[in-house]
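Here is the structure we will look at.
The values are calculated or read from the model by the stated rules, or taken from the named source; none is laboratory data. None of the values given here were measured: they were computed from a predicted structure. Cβ atoms come from the backbone with ideal geometry, glycine included; neighbour counts cover every protein chain shown.
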2 protein chains.
Amino acid sequence: MSLRRVLTPQKFLLICAVFLVVILTVLIADATYNCNSGENATNKLLLQKYSDQIQKLKSDQITLAHKLKEAEQQIAASGQRKSSAWISGLPIIYLITPTYSRLEQKAELTRLSHTLLLVRNIHWIVVEDSDTKTDLVSRLLKQTELNYTHLNVLTPLEFKLNTEDPNWLKPRGVLQRNAGLEWLRSNTSPQKQPGVVYFADDDNTYSLKLFDEMRYTKKVSVWPVGLVGYLRYERPIVENKKVTGWFTYWKPNRPFPMDMAGFAINLQLIHDHPDVGFTNSVQRGYQETTLLTGLKISQYDLEPRANMCTEVLVWHTRT
Amino acid sequence: MSLRRVLTPQKFLLICAVFLVVILTVLIADATYNCNSGENATNKLLLQKYSDQIQKLKSDQITLAHKLKEAEQQIAASGQRKSSAWISGLPIIYLITPTYSRLEQKAELTRLSHTLLLVRNIHWIVVEDSDTKTDLVSRLLKQTELNYTHLNVLTPLEFKLNTEDPNWLKPRGVLQRNAGLEWLRSNTSPQKQPGVVYFADDDNTYSLKLFDEMRYTKKVSVWPVGLVGYLRYERPIVENKKVTGWFTYWKPNRPFPMDMAGFAINLQLIHDHPDVGFTNSVQRGYQETTLLTGLKISQYDLEPRANMCTEVLVWHTRT
């Protein structure tokens, strides 16, 4: 047959083999093609997508973590408005408050404690004129959420006002303020934590702004005091940012004719002059002068605050 | 040759074909294997890793977002201690404070504002005895972060104290307190937001605890007042949780021998009796009685607070 002659077994097998090779080549190509362009390509796209998603998530996470940190700081700071925690680095204001037993005492201390609760980094040193710490003051201080130190020292009878005496006859609070200064010298370290010392009577009225003004006192900062010395206010007179005199009615020739409420002192100065304080042996109105000259302060060292001593931020109120 | 006899061309080609098939099968298998176990396998592993990473990041993100929300809520809540935001549901304390121009006015209002800044849901209604709103009071109120309403009404000359008059000769703050009550009737709705009304003079001293005591007044709540009426304190006498009389020195036979600082009223009662208020035409010491009898309150309606009227939480201080 002509077919048998044309298609020898050899040729048939060769054709089969070639056919097989072609089929298998196509299969290999297809397998490789499927593998690369199918699942693999999808996977590569997915990988890109996932990678983008991870970048986005990481970036979102950084933003969230940042916001959370800010919020936590804000919480910490707001907590400190009414807690015993310090804001680190912010100078502490040490308030020395002499107090004595009288009908209005609880009301006055309550009222002052409300003001202090709104000020940061306050340490209230309350010194009773008493031979023991009274229950009234102990309870009141415990109930506030303030940082405080409770001291007591009795003024000897010879220095005490009698009930009939006018209140200016003898100095008040001398030993109590000195006890406060002694406590500061023994219990603080201005190198470790800067501070300011202010003598805050319990019947005065303090604007919250006053504490901002005194916080960064270098040596001694000064400001007006309202309702004092027969005047609407007393104040240092300031020219070219320096105190050049005083607007005051009562004993204007005193070296420092200022009320106790009219100045604050850097804590370092109290440490630098360990023997300086107040005394019962000077005439009326000279306590402030005794302290400031003892600290080697001259009029030109004074740092005028409260808008160059034009704003009244503390009032010498009396109940 | 024996080889030629054993290996016929057919057989040779068959062997070649089989060999080719084996080689190609190995190649296909290898191609498929390489494809799966090489790049594709790596990609699959990476995909799994990425997917895990995304899960972890999403979970972290949920945690962070949750923490942030909590922190933000905490900030909002702490802000309410010193902001205009209400704590929803907590009854509002409306304080009506009559005030008039004098040397101590700024100090007194400053001091009272500090106390109020520490109380939640306070609305301070300050009513000046003046024909205009003064700059001093306007500025002071703006500077506090309190919720306030600033009103003014001038007391006619015939009802005003002269400078030489003793301060008890004519009633003070009558028109101002009435203006506060009128404002409440026009601007509040006790159905929508419950409230309590308290007459808080600017020179008194208030314990923070007093506001907790008055907050949930049903009709009229009462408590002692310190430093009033020639006494260390005046107080309602309580037996079996009911007010049965008064410990007071001055005019003890008045129906309600109480100081204005000694009681608070549910806002609803003020709305229920739209014509009730204070008056310049009653004798001294009868303002409280005029108001409470107008509100149809009997002695037995009074709700004793402050530990059954044994604690002094408000003092009638005078500067």
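Only one entry in A:Gln191, A:Gln176 is part of a helix (DSSP H, G or I) and polar (S, T, N, Q), namely A:Gln176. Could you check, for the stretch B:111-122, whether at least one of its residues is over 19 Å from the mean Cα position of the chain (by Cα) and either in a loop (DSSP other than H, G, I, E, B) or away from chain A (no Cβ under 14 Å) (or both)? No - not one qualifying residue is present in the stretch B:111-122. Any residue in the stretch A:109-119 that is in contact (Cβ under 8 Å) with a residue 40 or more places away in the chain and surrounded by fewer than 21 Cβ atoms within 10 Å (Cβ to Cβ)? Yes, the stretch A:109-119 contains at least one residue that is in contact (Cβ under 8 Å) with a residue 40 or more places away in the chain and surrounded by fewer than 21 Cβ atoms within 10 Å (Cβ to Cβ).
Take the conditions (1) farther than 30 Å from A:Leu146 by Cβ; (2) modelled with pLDDT under 70; A:Asp52 misses just one of them, which is (2).
A quick yes/no check of all residues on (1) within 14 Å of another protein chain (Cβ to nearest Cβ); (2) closer than 26 Å to A:Arg111 by Cβ; (3) surrounded by 18 or more Cβ atoms within 10 Å (Cβ to Cβ); (4) among the aromatic types (Phe, Trp, Tyr):
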site: B:Thr217; (1), (2), (3), (4): no, yes, yes, no
site: B:Leu231; (1), (2), (3), (4): yes, yes, no, no
site: B:Gln299; (1), (2), (3), (4): no, no, no, no
site: B:Leu302; (1), (2), (3), (4): no, no, yes, no
site: B:Val314; (1), (2), (3), (4): yes, yes, yes, no
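Selection within the stretch A:35-49: residues that are modelled with pLDDT under 80 and in contact with a helix residue (DSSP H, G or I) (Cβ under 8 Å, 6 or more places away or on another chain). The member of this set that is nearest to the other protein chains (Cβ to nearest Cβ) is A:Cys35. B:Thr310 meets each of the listed conditions (1) farther than 27 Å from A:Gln143 by Cα; (2) at pLDDT 95 or above; (3) of a type outside the set (Asp, Glu) apart from (1).
Looking at (1) under 30 Å from B:Glu70 (Cβ atoms); (2) at the interface with chain B (Cβ under 7 Å from one of its Cβ atoms); (3) modelled with pLDDT of 75 or more, which is the only condition A:His66 fails? Only one criterion is unmet by A:His66, namely (2).
When the stretch A:233-271 is limited to residues that are basic (Lys, Arg) and farther than 21 Å from A:Ala200 by Cβ, the one that is farthest from the other protein chains (Cβ to nearest Cβ) turns out to be A:Lys242.
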